[in-house]
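Presented below is the structure to which this report refers.
The values are calculated or read from the model by the stated rules, or taken from the named source; none is laboratory data. Keep in mind that what you see is a predicted model, and the values were worked out from it rather than measured. FYI the Cβ positions are ideal-geometry reconstructions off the backbone, even for glycines, and counts take in every protein chain you see. These area figures cover heavy atoms from the full protein model, side chains too; ligands, DNA and RNA do not enter into them. Shrake-Rupley method; radii C 1.70, N 1.55, O 1.52, S 1.80 Å.
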Amino acid sequence: MSRRIAYNLAGVAIALLLWEAIGRLMGEALFAPLSVVLVEYVKMLGDGQMLGELVGSLRQMLVGYVLACVVGLPIGVGMGRSRLLDALLHPWLSMLVVTSVASLVPLFVIVFGTGFWFRAVIVFLAAVWYVMLTIYHGARGIEPRLLDVGRSFGAPPLTRFHKIILPALYPYVVTALRIGLVHAIRAMVVAEMFIILGYGGLIYRASYSLTTAPLLGLLLTLMIVGVAANAALQRGTRVLAPWYEDKMGRSAPPL
Amino acid sequence: MLSGAIAMSPAMPGRTKSKAALVFLMSFFEILVTVAAGVRNVEPGFLAVGRSFGADRWRLITRVMLPASLPFVFAGLRIGLVRGINAMITAELFFAAVNLGALMKLNAQRFDMAGLLSVIVLLCLLGLIAQGGLKAMEARLLPWHVRG
């Protein structure tokens with residue numbers, strides 16, 4: 001275990017050294033080296049604009065993300081368990097899941113303007129299909145034997161649902177939430193870069209600066225947010241359902 | 001990822017280069033993660049059979065591991081392709097208004113909703129066709145792996 005951690009650290013160190021080397025080679029205007037970015041980063045943290053915009057953007061993203069989960073999870077489960085719903089909705093799901101959110105941005109700017117709802121809707125549309133698809137695969141893949149056992153013990157449908165189907169879905173719910181979150185964060189940045197507001201706007205404006213240090217600093221924060229959110233969701237699973245630990249680590253997100 | 005490419009765009013002045021870089025960045029990691037999961041999920045029994053028949057490391061990799069993880073390779077290619085198309089349109093909308101991205105921007109500026117929606121539908125179809133093509137290829141090349 002400790003060996004693994006040592007290798008992880010070595011990997012990080014090699015990447016950071018490479019960053020420094022490439023940065024030195026290309027110069028600050030093209031790709032700022034790590035040392036320059038760190039100095040700039042501390043300055044940006046102190047200045048407060050970066051974190052302020054981040055909190056504001058994340059709040060709007062959260063609304064879209066929560067909506068996506070609230071809508072996506074039940075529909076996905078319904079599609080996974082009912083052939084009728086599956087036949088009705090699946091063509092739309094597979095079509096919308098391949099649609100790029102970025103392509104919807106110009107349309108939604110016209111429909112919603114650039115306010116709160118524009119960003120929430122874009123985030124919602126980016127995340128909801130992935131949440132739905134992931135939970136759909138989970139619901140479809142439930143062992144029929146488990147349900148048969150329930151049936152032979154005379155459990156009514158409602159009991160079967162919350163005693164068998166829901167626990168079996170649990171790991172997929174967490175996976176769906178994680179995949180959805182990644183897409184939600186991406187969509188937030190894409191939407192905001194288009195209208196040049198919030199955190200995405202900050203990134204966009206930073207790309208016009210003479211040095212790339214602030215830009216790379218902003219990206220660093222975004223990465224930290226993504227990794228932290230993912231880790232928090234994973235930790236939540238470990239606390240709520242420790243028995244799924246193994247399964248979660250091994251299974252790939254289905255598409 | 002998108003923002004990553006914005007960071008790269010000053011480093012790559014050519015329009016095509018920075019767009020290709022974005023497509024690369026967006027699909028590379030998806031493919032990497034999916035294929036890694038596939039290799040990790042190779043049935044240990046298969047490897048054990050190979051080993052007991054005296055296969056060396058090279059043969060284990062090429063004859064057992066590779067075919068066993070091919071379904072994941074295809075899944076990775078499909079996810080990567082869809083991501084790549086997304087990246088393409090993102091790049092065309094944001095840092096080099098050409099092709100479909102430019103058309104969308106133009107239609108949006110004219111409030112031409114029909115034009116805007118047609119480009120979106122076209123992109124939907126492109127994604128579907130790309131996915132369908134890879135799925136058909138998978139069915140032909142990996143007949144043992146039938147998707148439910």
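Things worth noting here:
- Any hit, region B:28-37, residues being more than 14 Å from every other protein chain (Cβ to nearest Cβ), touching a residue at least 40 places away in the same chain (Cβ under 8 Å) and in a helix (DSSP H, G or I): yes
- Single residue of B:Gly133, B:Gly80 found to be over 18 Å from A:His183 (Cβ atoms) and among the small types (Gly, Ala, Ser): B:Gly133
- Hey, A:Ser57 closer than 20 Å to B:Leu125 by Cβ and buried (at least 16 other Cβ atoms within 10 Å of the Cβ) or not: no
- Of all residues in region B:83-114 being among the aliphatic types (A, V, I, L, M) and free of Cβ contacts under 8 Å to residues at least 12 places away in the same chain, the one that is surrounded by the fewest Cβ atoms within 10 Å (Cβ to Cβ): B:Ala114
- Of all residues in region B:138-148, those satisfying the criterion of being surrounded by 13 or more Cβ atoms within 10 Å (Cβ to Cβ) and either closer than 25 Å to B:Ala20 by Cα or at pLDDT below 85 (or both) are B:Leu142, B:His145.
- Each residue in region B:45-82 was checked for being in contact with a helix residue (DSSP H, G or I) (Cβ under 9 Å, 6 or more places away or on another chain), hydroxyl-bearing (Ser, Thr, Tyr) and open to solvent by 60 Å² or more (accessible area, probe 1.4 Å), and 0 of them qualify.
- Scan region B:70-108 for residues that are among the polar types (S, T, N, Q) and more than 9 Å from every other protein chain (Cβ to nearest Cβ) and the total you get is 1.
- Considering residues of region A:28-46 that are of a type in the set (Gly, Ala, Ser) and within 14 Å of another protein chain (Cβ to nearest Cβ) only, the residue least open to solvent (accessible area, probe 1.4 Å): A:Ala32
- Test: residue in region A:20-27 that is farther than 16 Å from A:Leu215 by Cβ, within 13 Å of chain B (Cβ to nearest Cβ) and in contact with a Leu (Cβ under 7 Å, 6 or more places away or on another chain): no
- Selection count where residues are of a type in the set (A, V, I, L, M, F, W, C), more than 17 Å from A:Leu107 (Cα to Cα) and more than 10 Å from chain A (Cβ to nearest Cβ), scope region B:109-134: 1
- Filter result for A:Pro91 (open to solvent by 70 Å² or more (accessible area, probe 1.4 Å), within 14 Å of chain B (Cβ to nearest Cβ) and not acidic (Asp, Glu)): yes
- Residue that is nearest to A:Arg24 (Cα to Cα), among those in region A:205-221 that are assigned to a helix (DSSP H, G or I) and small (Gly, Ala, Ser): A:Ala213
- Assessment of region A:222-230 against the conditions (outside any loop (DSSP other than H, G, I, E, B), β-branched (Val, Ile, Thr) and open to solvent by less than 10 Å² (accessible area, probe 1.4 Å)) yields no matching residue.
- Helices (runs of 4 or more DSSP H) within region A:141-204 that include 3 or more residues within 12 Å of another protein chain (Cβ to nearest Cβ): A:166-195
Residue-wise test of (1) over 19 Å from the mean Cα position of the chain (by Cα); (2) at pLDDT below 95.
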residue	(1), (2)
A:Leu45	yes, yes
A:Gln49	yes, yes
A:Gly52	yes, yes
A:Ser57	no, yes
A:Met61	no, yes
A:Val70	no, no
A:Ser82	yes, yes
A:Leu85	yes, yes
A:Leu88	yes, yes
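- Condition met for A:Gly76 (touching a residue at least 24 places away in the same chain (Cβ under 8 Å), more than 19 Å from A:Leu222 (Cβ to Cβ) and not hydrophobic (A, V, I, L, M, F, W, C)): yes
- Some residue of region A:81-92 being touching a Gly at 6+ places or on another chain (Cβ under 6 Å) and farther than 17 Å from A:Ile179 by Cα: yes
- Taken together, the residues in region B:25-58 that are farther than 19 Å from B:Leu134 by Cα and touching a Gly at 6+ places or on another chain (Cβ under 7 Å) amount to 1.
- On inspection, A:Val189 fails the criterion of being open to solvent by 20 Å² or more (accessible area, probe 1.4 Å) and modelled with pLDDT of 85 or more.
- Within region A:197-215, the presence of at least one residue that is open to solvent by less than 10 Å² (accessible area, probe 1.4 Å), hydrophobic (A, V, I, L, M, F, W, C) and touching a Leu at 6+ places or on another chain (Cβ under 6 Å) is confirmed.
- Scanning region A:96-110 for residues that are open to solvent by 20 Å² or more (accessible area, probe 1.4 Å) and closer than 18 Å to A:Ala68 by Cβ yields a count of 4.
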